[in-house]
Amino acid sequence: MTARQTTIDSGMGVSCIASTVVHLAVFLLLVWWGKLFPVSMNLQETYYVDVVNLPVSAPQAGSPQQKGNDTEAAPQASKLPESPMTVPQAPKSSSKTAKTATKSPDQNESAFADRMSRLEGKSAARQQEATLERLRSKVTASGSGRAGMPGASGKTAGSNYKDYIQSRLEDALKVTSFYTTIKPEVVVRLYIATDGKLSKMKIERSSGDSAFEIAVRRAIELASDKFPPPPNHKEVDLGVIFNRKGVSPNQH
Amino acid sequence: MALLVGTGLIVKIVLLILVFFSVVSWAIIMFKLVQIHRANSESLRFMDFFWKSKRFDAIASQVDRFASSPLTVLFNEGYGELKKVVETDSSSDGSALSTDLGGVENVSRALRRATNSEITRLEKYLTFLATTGSTSPFIGLFGTVWGIMTAFEGIGKTGSASLAVVAPGIAEALVATAIGLVAAIPAVMGYNHFQHKIRVLIKEMDSFSTEFLNIVQRNIAGK
């Protein structure tokens, strides 16, 4: 029985060694697999569409009144009629009949119908004029008419290169946001080269929250990978204020 | 790999315990697979040899060929006891039937004792499999709960609850549950499988004991 027990124990020892080897092999296999197919945890980028300025022929092109030097401009909108649509004139004969309307009931009816048609015509013309006026004022107010893409020079939110950069920074800050004080704030000036690369970054002012500063740096690094080239091939310097709520432009 | 590196101390300890459970469980599974496979195959061969042989002493001389079979242990024990009974019988003056029946009882008790010792031998280490199967998921769950607690603490400190902050901590914590299940599932499957195989072997041992006693009784009664 003792010899049998010894055999059993040695068998168990061999099994333990084999099991350890198998576990190590599985672990190494998993490590190798992880290196071969790394798990990416990147969040998908959010794209915004400026609905106000949407009716352009191509999203990169801008509106008809664009002041940028982009080659791919939107086609000119069809010209508006110089004069409003003329009100349909009642036939001359009808005026004559109106004068004689009091003479017979049939004549009265026809005069009334004529007047109604004239009034309807006037109302339609006024309505059309008002619609055209609204369209004109909208086109004038919208400046370049960009659909939220870089390269334009308009002033509407979402149509400006700086606004675009600011929104990218805000997206990145949402991912990296980290702070240890109640009101963290970092004022940064960014210098973007003609090719869209971040050439220089300077922290102008900070509330002293080092964790938030690191988060801001990481956000800038994250966002700067996808900065498009500035319009007009000119360098851009941009002052932005990072705080807990997001990113806002630095007016000073 | 990054998930394992990023975990806290407690979760790492939990993972080490689970890995230990898994290593030992698999060692037992491998050992038992070989042991029970040998026991089954050699029992079949031994039974074949047993029924072909005419004499117990011829079988006893060849029994070493089937060392892994539990039936050989039963045979050795039964045959040893039978020899003692016969020797006692021949040394005493009479050969009364009552003495012969007492001898059969002795052999029966020896066979029962041998059966019990073989069952104990076959079931050795199975309790560890049962323990692993029942406790590993809970140990893993403990690691996960601890990891999630730590992750939430971190979220509270940073003040940000974005997916990028929450997800890695929870993923790291869930590794403990995953490894707990990886350790437990084979252990439970192995335990059930070996229990079934051992039950079959116990039935075979019972049948062999009955056959052995029948043969002994027929021979003693036919003296």
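Computed from the coordinates by the stated procedures, all read-outs in this text should not be read as laboratory data. Note that the structure is predicted; figures quoted are calculated from it, not measured. With ideal geometry, Cβ positions are generated from the backbone for all residues, glycine too; neighbour counts draw on all protein chains shown.
Footprinting exposure proxy ranking of A:MET12, A:MET116, A:MET201, fewest other C-beta atoms within 10 angstrom first, gives A:MET116, A:MET201, A:MET12. Going from the fewest other Cβ atoms within 10 Å to the most, the residues A:TRP33, B:TRP51 appear in the order B:TRP51, A:TRP33. Among A:ILE165, A:ILE182, B:ILE36, the ranking by other beta carbons within 10 Å of each residue's beta carbon, starting with the fewest, stands as A:ILE182, B:ILE36, A:ILE165.
Between amide H atoms placed 1.01 Å from N, distances below 5 Å from A:GLY246 occur with no residue 5 or more places distant or on a separate chain. Annotation: amide H of A:GLU204 within the under-5 Å range of A:VAL187, A:VAL188, A:ARG189, sequence separation 5 or more or interchain, hydrogens built in the peptide plane. Helix-only arithmetic for chain B: the sum of -39500 (n - 2.57) across DSSP H runs with n ≥ 4, divided by the residue total, places the mean residue ellipticity at 222 nm at -31500 deg cm²/dmol. The charge dipole of chain B, taken about its Cα centre with unit charges on the Cβ atoms of Lys, Arg (+1), Asp and Glu (-1) only, comes to about 300 debye. Once Rh for region A:161-249 is found with the Kirkwood sum over Cα pairs, what is the Stokes-Einstein diffusion coefficient at 20 °C and 1.002 mPa s, in µm²/s? For the chosen part, D equals 167 µm²/s.
Projecting the Cα atoms of B:LEU174, B:GLN195, B:THR135 onto the dipole axis of chain B, where Lys and Arg carry +1 and Asp and Glu carry -1 at the beta carbon, places B:LEU174 farthest toward the positive end. For chain B, the membrane-span-like helix rule (DSSP H, alpha carbon extent of at least 27 Å along the helix axis, mean Kyte-Doolittle at least 1.0) picks out B:9-52; this says nothing about an actual membrane. Would region B:2-221 count as rounded, prolate or oblate if I go by the C-alpha gyration tensor, calling it rounded below 1.5 in a/c and otherwise prolate when a/b exceeds b/c, oblate otherwise? Cα axes put region B:2-221 in the prolate bin.
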